[in-house]
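J.: Take this structure first; my questions come after.
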Amino acid sequence: MFENFPKKRPPLPAEYQEIYDAHYKENREGGSNAAGLAQKLERWMHRCVAADTKAEHVPATLEVGGGTLNHLEHEPNTSVYDVVEPFRYLYESSPLRSRVRKFYDDIREIPAETKYGRIVSIATFEHIEDLPSVVARCGLLIEAGGSLRVAIPSEGTILWKLGYTLTTGAEFKKRYGLDYEVLMKHEHVNTAREIEEVLRYFFSDVKRKVFGVAAGLSIYQYFECRDPDLVRCRDHKN
């Protein structure tokens with residue numbers, strides 16, 4: 001089923017590599033007009049993921065792809081919070097860093113006996129080259145009754161492509177004189193449909209919400225996943 005994984009990320013041309021780190025961090029922090037607009041729209045993803053944190057007690061949480069730690073602003077009641085994020089420069093200057101109990105560069109570093117009531121991820125699964133292995137490990141790290149809560153852009157749909165072409169893509173072209181599509185193909189190696197297929201393979205109970213009228217006509221999608229198939233998860237993990 002997963003013969004296309006792990007994916008191989010297309011290499012970036014030299015002119016893209018020169019501006020990559022600064023552009024990526026600025027984009028994640030909403031540092032330009034288009035990025036700022038994107039950040040406002042992305043709040044839908046953050047709200048969906050954090051919708052279960054209104055209770056006084058929030059289970060221990062792991063975020064896969066913590067980035068600049070901007071999701072923590074949406075979880076004021078979450079006290080035990082670990083993060084998987086290989087790009088340390090994204091969070092090293094964040095004022096929210098003190099709220100994180102433990103940072104990991106890779107989900108495979110987390111001891112098997114560590115369990116979480118919640119594993120969350122926002123705009124990350126589209127970037128992961130070996131997504132089935134990561135989702136399988138998430139299934140093994142979730143305690144009984146816990147959930148994997150994933151929000152993603154609707155990569156592979158016409159509405160998503162039109163949205164970034166007219167905003168971030170146009171700004172990128174004006175600023176750098178480069179085609180934003182090259183950067184997107186390097187970054188987004190998985191489509192929304194592929195991500196959903198992986199989630200449904202490893203989890204028995206998967207519910208979806210969309211920011212749009214349907215999955216194929218949406219900007220973002222959110223998945224709440226429960227009841228991992230532990231046999232499949234164990235068989236697939238690296």
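Any read-out appearing in this document is the output of simple, stated calculations on the displayed coordinates, not a laboratory observation. Just so you know, these numbers come straight off a predicted model, no measurement behind them. So basically every Cβ, Gly included, is an ideal-geometry build from the backbone, and we count neighbours across all protein chains shown.
J.: Given the DSSP H assignment, sum -39500 (n - 2.57) over each helix run of at least 4 residues in the chain and divide by its residue total; what's the result at 222 nm in deg cm²/dmol, nearest 500? Write out the running numbers ahead of the final one.
T.: On the way: 8 runs with 88 residues, N = 238.
It lands at -11000 deg cm²/dmol.
J.: Another question, if that's okay. Which ordering of MET45, MET184, MET1 is given by a fewest-first count of other beta-carbon atoms within 10 Å?
T.: Values: MET45 23, MET184 19, MET1 8.
The most exposed by this proxy come first: MET1, MET184, MET45.
J.: 5 Å is the cut-off here: which amide hydrogens, built 1.01 Å from N in the peptide plane, fall below it relative to LYS7, excluding neighbours closer than 5 in sequence?
T.: Excluding prolines and chain starts, which carry no amide H, the hits are ASP130, LEU131.
J.: Separate question: Quick check on my link table: of LYS8/LYS207; LYS40/LYS174; LYS8/LYS209; LYS8/LYS115; LYS102/LYS173, which ones sit more than 27 Å apart, alpha carbon to alpha carbon? List each step's numbers first, then the result.
T.: Details: LYS8/LYS207 29 Å; LYS40/LYS174 22 Å; LYS8/LYS209 29 Å; LYS8/LYS115 30 Å; LYS102/LYS173 38 Å.
Exceeds cut-off: LYS8/LYS207; LYS8/LYS209; LYS8/LYS115; LYS102/LYS173.
J.: Taking 0.36 nm per residue of separation and subtracting the Cα-Cα distance, what length does fully extending LEU140 through ARG47 add?
T.: Contour length minus the Cα-Cα distance gives 31.0 nm.
J.: Could you check which residue among SER93, SER154, SER204 shows the biggest mean-square fluctuation in a GNM of the chain with a 10 Å Cα cutoff?
T.: Between SER93, SER154, SER204, it is SER93 that shows the largest mean-square fluctuation.
J.: Next up: Which value in nm describes the separation of the simple spin-label points at TYR89 and ASP227, placed 7 Å from the Cα toward the beta carbon?
T.: Taking the simple label geometry, TYR89 and ASP227 are separated by 4.5 nm.
J.: Testing the spin-label approximation: label points 7 Å from Cα along Cα→Cβ at PHE2 and ARG208. State their distance in nm.
T.: Inter-label distance under the simple model: 1.9 nm.
J.: Let me ask something additional. Percent relative contact order of the chain, based on C-alpha pairs within less than 8 angstrom and at least six residues apart? Don't jump to the answer; show the numbers that get you there.
T.: Values: 408 pairs, mean separation 49.4, N = 238.
Contact order relative to length: 21 percent.
J.: Now for a separate question. Could you pull out the longest piece of the chain with no exposed loop GluC sites (Glu not before Pro) in it, calling a site exposed if DSSP puts it outside H, G, I, E, B and it has at most 14 other Cβ atoms within 10 Å? Don't jump to the answer; show the numbers that get you there.
T.: Working: sites that count: GLU3, GLU56, GLU92, GLU113, GLU129.
Counting only loop sites that pass the neighbour cut-off, the longest clear stretch is 130-238.
J.: Same structure, new question: Most fluctuating residue of GLY139, GLY169, GLY65 in a GNM of the chain with Cα springs under 10 Å: which is it?
T.: GLY169
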